[in-house]
Structures are given as structure tokens and as C-alpha cells.
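Okay, structure first, notes after.
The values are calculated or read from the model by the stated rules, or taken from the named source; none is laboratory data. Predicted model only: the values in this text are computed from it and were never measured. Here the Cβ is made from the backbone with ideal geometry for all residues, glycine too, and neighbour counts use every protein chain on show. Accessible surface is based on the protein model in full, side chains and every heavy atom, while ligands, DNA and RNA are left aside. Shrake-Rupley method; radii C 1.70, N 1.55, O 1.52, S 1.80 Å.
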Amino acid sequence: MARIGSVRLLAVAAAGVVIVATGATGAAAAPAPASAVPDTAGVRAALQSAVNAGAPGAFAVIRDHGGAETKLSLTVGKADLDGTPMNADWQFRVGSNSKMFAAVLVMRLAEQGRIDLDKPLRDYLPAGTLPEGWTMTGRQVMEHRAGIYDHTNDLLEQSGEETTSAFEARIRNNVYDPAKLVAMSVAHGLQSTPGTRYAYSNTDFVLMGLAVEHLTGRPYADVLRDEIIDPLDLRRTSFVVPDKEITGRHVTGYLTNDDRSKPLLNSTEQTASWVWSAGGVISSARDMDRFLTTLMAGTAGGLVSDDSLKQMTSVLPTPTAKVSYGLGLRQIALSCGNVFGHGGIVQGYQTQSFTTPDGRRSVVVFANASNNGSVTQGLMNALEPAFCGKQPAPAAVAPRTMTAPGVGGQQEGGVAPHDITPVVDDTRI
């Protein structure tokens, strides 16, 4: 799989991008992503709300690619509780953003004819990984429509939530065999008929990692390094599972204590073994931009073909309004258009990494605290002003406090429901 060696990282830039002021009015068409001037005040306010909700710090990095490359970094708060200012260039754990990397590796194998995404995935896994009667395809697995139980529910004390006690008991130091993670899931049986229902499952992308290993005969970390990390010169990206440390300068991650009266728990060091290929990547905002920009260039970028990219971005609806899912890529509908990428929450770290369909603008927003839905909502609310710019002022209303849907956090002032980008379904990983 040597084709990626000829990656042209700035293929997208050849099209040229001009950032212009829009001065939009209610009657005017909304500017497309990457043509609107980012609303820095709106982005900063969203980041500040994440810090107010309990994160030590947060940042947003907005990059535009064109004749004149531009980068805008906004930081709020601290990189650690010792008082170090937040630094948007440092490394962090990306959580479920890792699924995009796994999806690319699978698509590259599909391009070589080594896996057919429309045949049962069990045919491309070690014998016995999935039961004989489980016929879900690789495509259904990557779409989270395979009916496969999420094994992470068994490792957490409350389904769908992180807890500090579970982290210390089963996650920080434990090393799990990926096949054993799948076995945890299989023990619960099929949750639905494959292809009939969307249900986010980390086990889906553990399975895709196992398929990569089985088809290449090589460790997942080595394939990831040789196929993506080194060719793209992602100098701050690594997959070191089960090593616990992040080497080099990095942001400290904090897990919000179940008992909110207790201090944040430093969760930086952890094996990430419990999520493996579904959530174990370490990266940086710069590297996530480069990865996404190259991916969205399709054949010209050299990472995946145009056809593979079309498949990855052919999304289906999810139960969350404005959110759809393709093959390892999430689509969010903003007021100015759709953006593609993923989110990731892993103990101590929250990241949302998205790009325009043409790769011209990427946005990475981050906070160093998890187990806190209001922090998540703050980051989600940074995407709209970062991509779409300042929106027309709403009709004058009295200041009020509204509750953001689904998270129990409160938005101060006149924040209307349509201004809120919904929290999606990977809120723990």
C-alpha cells in the first residue's frame, strides 16, 4: 500500500480561497462554509462557556487553505491545573476522531480489492471473531448500522457515561485484547437486524481495526503509521496503545468527578486499551487539519480515491437532528451548509474536528475535561460561528436563561434553540 507516498497535501489549496466580509441580512443567502469570516467573538464565547462549565481550558483552531493560508487560534483558560496557559499547538487524545483514521485504512484496503464492504465482515476477520450467523457487512459496521452492542457499556458503571470510579478500576491501567472486547459485545447478542437501525457502537471500529490487522498481517499501529502518519508528516500523531504516556508537549486531561464537590481527576495517563482503534489516537489540531484536508481532496490528495471519499460522505440520518453518518465520517448541518468530520471524548479530553466538503476550511475545537455535558455543548456551539460567521441579530428579546437540550447546562442570554448545535452520540468516547 505505497500509493500514499505521493500525497499532495496542498492539492485543495490550488483552488484558492478568499475570505470576505459578508454582512449577511435575514433576507440574504447564508454564506457557505469557508466563505464567511469566522465570528471570533461567538467562538470565544462558546469556548468560555465550556470553561465556565468546568473545563480548565479550551481552544479553537480555524484554518483556511488557499492562495494565502490563514490560521486563527483562540484559547481560553489553562492547559493544566498548575496554571499553564492553554496551548493550541500541543497534543491531546482525540477519542473517537480515531474512527476516521480506521475508516481510511479500510477504504484503502477496499481499493486494493482486499475487502468487499458489501460482503459479511466476518469473512475478513480471524475465524471465530463473529458468530457464523452474523452477516453484517463492513459497510453496515462502519455506518453503525450493524446491530452490534457497544462493549464499552460493560466497562462503565453507568451505560453511556464516564465515571471516575470505573476509570480507576477498569480503564486507566487495564490492557485488553481487542478480540476480548469484541467477545464482550457478542455475548449480548444482536441488538437489531443489520442495516435497519443506527446505533453508535465503539465495537464497530474495534472490528474494523481487527480487519486491518488480519488482512495486512501487521499490527494496527504499524499500518496506521506507514499508511497515514508518516506519509502525511503528522509529527504529533501517534497510536501508542497500551503505553500510557503522551510523549512531547501535551495538554493535561481531567475527568470530572462523579461527585462534583470533589476536584477534577488527572486522567492524562491511560492505556486507551478499552477502545483501541475506535479511540486510541493521540494528535494535535495541526495534524487533524492536515489529515482532514488531505482526505477531502480525494484522489488528488492521495489518501483515498474520489470514489472512496464519495462512499465515506454518503451519509444516512441518525436520531439526532442535523447529524448524519457515513463511513467513519459524521456530517453536521450548519446554517451555512454541511461539514464533515468527527467528535471524540475520552477520559479528560473532548475534541470536535470538522471540515468543509472541499477541505478549504477546517475547525478543531477542544477542551481538557470530560464527563460533563455542558462542556460538550460549549464546544458544539463553537462550530456554527467558526464556519458560518456572525449571524443576523435576532429580534430584541429580554435576556433569559435557556436550558440546552439534552445536557442540563444553561445558556445565558438570548440563545435561541436554532443557535445550538446538538450534542451527538459519542459523548463518552
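At a 1.4 Å probe radius, carbon and sulfur cover how many percent of the accessible area of region 186-337?
48 percent
Classify region 277-318 from the C-alpha gyration tensor, please: rounded if a/c falls under 1.5, else prolate or oblate depending on whether a/b exceeds b/c.
oblate
Quick one: net charge of I228's neighbours, Cβ under 11 Å, K/R +1, D/E -1?
-2
With every protein chain left in place and a probe of 1.4 Å, what is the accessible surface of D230, to the nearest 10 Å²?
Per-residue accessible area (D230): approximately 90 Å².
Can you give me the solvent accessible area of L130 with a 1.4 Å probe, rounded to the nearest 10 Å²?
About 10 Å², rounded to the nearest 10.
At a Cα cut-off below 25 Å, give the lysines reachable from K78, other chains included and same-chain residues fewer than 8 away excluded.
Result set, ordered by chain and number: K244, K262.
Provide the packing ranking of 339-352, 52-65, 72-85, i.e. peptides ordered by the mean count of other C-beta atoms within 10 Å per residue, highest first.
339-352, 52-65, 72-85
Per residue, how much accessible area does region 93-139 show when a 1.4 Å probe rolls over the protein heavy atoms, in square angstrom?
33 Å²
Lys and Arg at +1, Asp and Glu at -1: add these up for the other residues within a Cβ distance under 14 Å of P38 and post the number.
+3
Take the cross-link list K119/K310; K119/K322; K119/K180; K99/K390; K310/K390 and give me the ones stretching past 22 Å between alpha-carbons.
Flagged as over cut-off: K119/K322; K119/K180; K99/K390; K310/K390.
Please give the net charge around S273, taking every other residue with its beta carbon less than 12 angstrom from that of S273, where Lys and Arg add +1 and Asp and Glu add -1.
Once all neighbours under 12 Å are counted, the net charge is +2.
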